1. Is there any pair linking a residue in region 288-310 that is more than 18 Å from residue 238 (Cα to Cα) and in contact (Cβ under 8 Å) with a residue 40 or more places away in the chain to one that is aromatic (Phe, Trp, Tyr) and surrounded by fewer than 17 Cβ atoms within 10 Å (Cβ to Cβ), with Cβ under 6 Å and at least six apart or on different chains, and which?
2. Scan region 106-116 and give yes if some residue there is modelled with pLDDT under 95 and among the polar types (S, T, N, Q), otherwise no.
3. If we keep just the residues of region 231-262 that are in a loop (DSSP other than H, G, I, E, B) and at negative phi, which is least open to solvent (accessible area, probe 1.4 Å)?
4. What number of residues within region 199-211 satisfy the criterion of being open to solvent by 70 Å² or more (accessible area, probe 1.4 Å) and under 19 Å from residue 265 (Cβ atoms)?
5. Out of curiosity, is residue 112 in contact with a Phe, Trp or Tyr (Cβ under 7 Å, 6 or more places away or on another chain), open to solvent by 40 Å² or more (accessible area, probe 1.4 Å) and aromatic (Phe, Trp, Tyr)?
6. Tell me whether region 110-129 contains one or more residues that are small (Gly, Ala, Ser), in contact with a Ser or Thr (Cβ under 7 Å, 6 or more places away or on another chain) and not in a strand (DSSP E or B).
7. Out of all the residues in region 292-300, is one or more under 19 Å from the mean Cα position of the chain (by Cα) and under 15 Å from residue 173 (Cα atoms)?
Amino acid sequence: MFDFVSPFKLRERGIMGMNQRNFSYIGRYNDRALYPNVDDKLKTKNLAIESGISVPDLLGVVRFQYEVNRVFDILNEHSGFCIKPAKGSGGKGILVILKTDENGYMKASGEYVPREEVVRHITNILAGLFSLGGAADVAVIEALIQFDPTFKGLSHEGVPDIRVIIFQGYPMMAMLRLATHASDGKANLHQGAVGVGIDIATGKAKRAVQFDRPITHHPDTGKSFADVAIGNWDRMLTLAAGCYEMSGLKYLGADIVLDKEKGPLVLELNARPGLAIQIANGMGMLPRLKHLESLDHRRTASIEDRVAYAKTHFND
């Protein structure tokens, strides 16, 4: 059964639809010439490093087919790693290996893949199988994220991440995305991951949804969401706000993970962030967007001032 809500009700609740997002915010505020800054994960990583924004360690890059077999010189030095397409989207083409032993390369599911499968996967990345528009791509090899104990019992196989929406440099809405069995270990809400709305002021959970329906416990682990509080929250908001200067985009999403040793790390950026974050938070983005549009942006406030402003004005 589907629930239908009139457009008038949605407008009253400040819910932003896709057309309004595309025309009033993405089209108006994001210069298309800057899209490569976020659509190319390798470029994003290099820009982040130059800007002092923490990201997962880069272990290597494979640009050409003749380099594929050499990748094992890198992989053999690391028990776990992540291989992803530089220009992929929607989590496609990401191969996460937790450990390497005599049986091969073990994925988060516990399934082992042989050396030949790793070669095939990288070859597919180079051929553009996972990239935007099917263009030839490069394979990026990153260090594995060390799971932070804060999230113990809150995710099935995959590493949780925090999506933060930034507008005009202000972090204005956030959610925690948790993988489930239904989502095949990926933090994709459309595939069945859990979205937990997060209070910008405190980093604490507000409510949680799966398949757009409210839930109170993780469907696989049974862990309650009631006491979820994200550590290093101020640092996370600071990183998110800094992505405004780093990318040059005025409306964007930042995906951040929490590493138990290195703290918050920016995983990737998105010039066209989805709208499900409104469902996770139980409120629309429009009131906050309109509020920020009303500010005087002729002089850019510091990152610290923008974070403090968001925490004061967007406390739920």
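The values are calculated or read from the model by the stated rules, or taken from the named source; none is laboratory data. Nothing here was measured: the structure is a model prediction, and the numbers come from that model. Cβ: placed from backbone, ideal geometry, glycine included. Neighbour counts: every protein chain shown. To get the accessible areas, we keep the full protein, side chains included, count just its heavy atoms, and leave off ligands, DNA and RNA. Shrake-Rupley method; radii C 1.70, N 1.55, O 1.52, S 1.80 Å.
1. Sorted first by the residue in region 288-310, then by its partner, the list stays empty.
2. yes
3. Filtering first and then ranking leaves 249.
4. 0
5. Taking the combined requirement at face value, the residue satisfies it.
6. No, there is no match, as no residue in region 110-129 is small (Gly, Ala, Ser), in contact with a Ser or Thr (Cβ under 7 Å, 6 or more places away or on another chain) and not in a strand (DSSP E or B).
7. no
This table checks each residue for (1) in contact with a Phe, Trp or Tyr (Cβ under 7 Å, 6 or more places away or on another chain); (2) of a type in the set (A, V, I, L, M); (3) open to solvent by 80 Å² or more (accessible area, probe 1.4 Å).
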site	(1), (2), (3)
64	no, no, yes
135	no, yes, no
140	no, yes, no
150	no, no, no
